[in-house]
Amino acid sequence: MKFHPSKCKILAVSPRSSLTYSSSYQYYLGNSPLDYVDCEKDLGVDVTPKLCWNEHCERIYSKACQQLGIVKRNGHIITDSRRRRALYLSLVRSQFENCSIVWRPSTLTMQNKLESLQKRAIKWIFCEENQSYSTEEYLSKCRSINILPLALKFDLNDLIFLHKVLTGCAPITLPHYLSYYDGNSRLRSTHLDSLSLVSSITPRSGLGTTRTTNPFSKSFFYRSHLLWNSLPLELREIQSAVTFKSKISKHLWKSTILEDGDESFDPT
């Protein structure tokens, strides 16, 4: 297999820009020098040297806004909420599904930005575009049509994939720094059990440390092992992938606190 030099780029994963390496290290493909870049798309995900996913989030947010606009213009004659829901999930919400375990937003600002798009879509589904939703009303509307808020959807995707890794359904293994709790702890009391995951690496903290300078704290395995440990033991004991997904969805819905106190909704 031969690679085309113009389609091959170099991206150095480092706190510094990739362009700073161009004067010191030059790579060639045959006789053709390869260019350094500060952002490159790989399998649909925009990768940057600092492993910060804001550029990717901005791009898919813009694309999702365009798709939502197309859906609104061409689906205005549809008034049934079920059909509008299907259009939103297939054409708009799907933009946030690809590789979300890699790029999910790590800042509250970006999370709120993506969530605001879904809030606009929910208003369109219910033909209430001129109304204003409080947080409780938004969650209630989401529950009524079984659409998880994006923040919880990202959590669901993380947990489902981690469960596949732990049960051997995914062709990868846990990284070396994660292992099951063996019962030894320096703390006098701990809430960990035999199915809890512990990390031998602790993210850096202190003055000057941010999500940008310390992407490890927001990496998939580290953040998902914290989510995993927060689950009840009976959920972590489930081996079936289908049953796990169903139970976790219900668990995430229960975690949303609604003022209306509606506990009769069954997300299945």
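The values are calculated or read from the model by the stated rules, or taken from the named source; none is laboratory data. Everything numeric in this text was worked out from a predicted model, so none of it was measured. In this analysis, Cβ positions are derived from the backbone assuming ideal geometry, glycine residues included, and neighbour counts consider all displayed protein chains. SASA here: full protein model, heavy atoms, side chains in, ligands and nucleic acids out. Shrake-Rupley method; radii C 1.70, N 1.55, O 1.52, S 1.80 Å.
When the residues of the range 6-31 are filtered to those that are open to solvent by less than 90 Å² (accessible area, probe 1.4 Å) and modelled with pLDDT under 80, which remaining residue is farthest from residue 49 (Cα to Cα)?
Among those that are open to solvent by less than 90 Å² (accessible area, probe 1.4 Å) and modelled with pLDDT under 80, it is 24.
Within the set of pairs 6+ apart or on separate chains, which have a first residue in the range 66-93 that is outside any helix (DSSP H, G or I), a second that is open to solvent by less than 70 Å² (accessible area, probe 1.4 Å) and among the aromatic types (Phe, Trp, Tyr), and C-beta atoms under 8 Å apart?
Qualifying pairs under 8 Å: none.
Within the group 167, 202, 135, which residue is surrounded by 12 or more Cβ atoms within 10 Å (Cβ to Cβ) and either within 23 Å of residue 96 (Cα to Cα) or modelled with pLDDT under 90 (or both)?
Answer to the selection: 135.
Checking the conditions here, which among 93, 82, 104 is open to solvent by 20 Å² or more (accessible area, probe 1.4 Å) and farther than 30 Å from residue 237 by Cβ?
Among 93, 82, 104, only 82 is open to solvent by 20 Å² or more (accessible area, probe 1.4 Å) and farther than 30 Å from residue 237 by Cβ.
Among 34, 43, which is free of Cβ contacts under 8 Å to residues at least 60 places away in the same chain, surrounded by fewer than 17 Cβ atoms within 10 Å (Cβ to Cβ) and under 30 Å from residue 224 (Cα atoms)?
43
Could you tell me which residue of the range 170-191 is most open to solvent (accessible area, probe 1.4 Å), considering only residues that are modelled with pLDDT of 85 or more and β-branched (Val, Ile, Thr)?
Checking each candidate, the answer is 173.
Out of curiosity, is residue 194 farther than 30 Å from residue 134 by Cβ, at pLDDT 80 or above, assigned to a loop (DSSP other than H, G, I, E, B) and more than 20 Å from the chain's Cα centre (by Cα)?
yes
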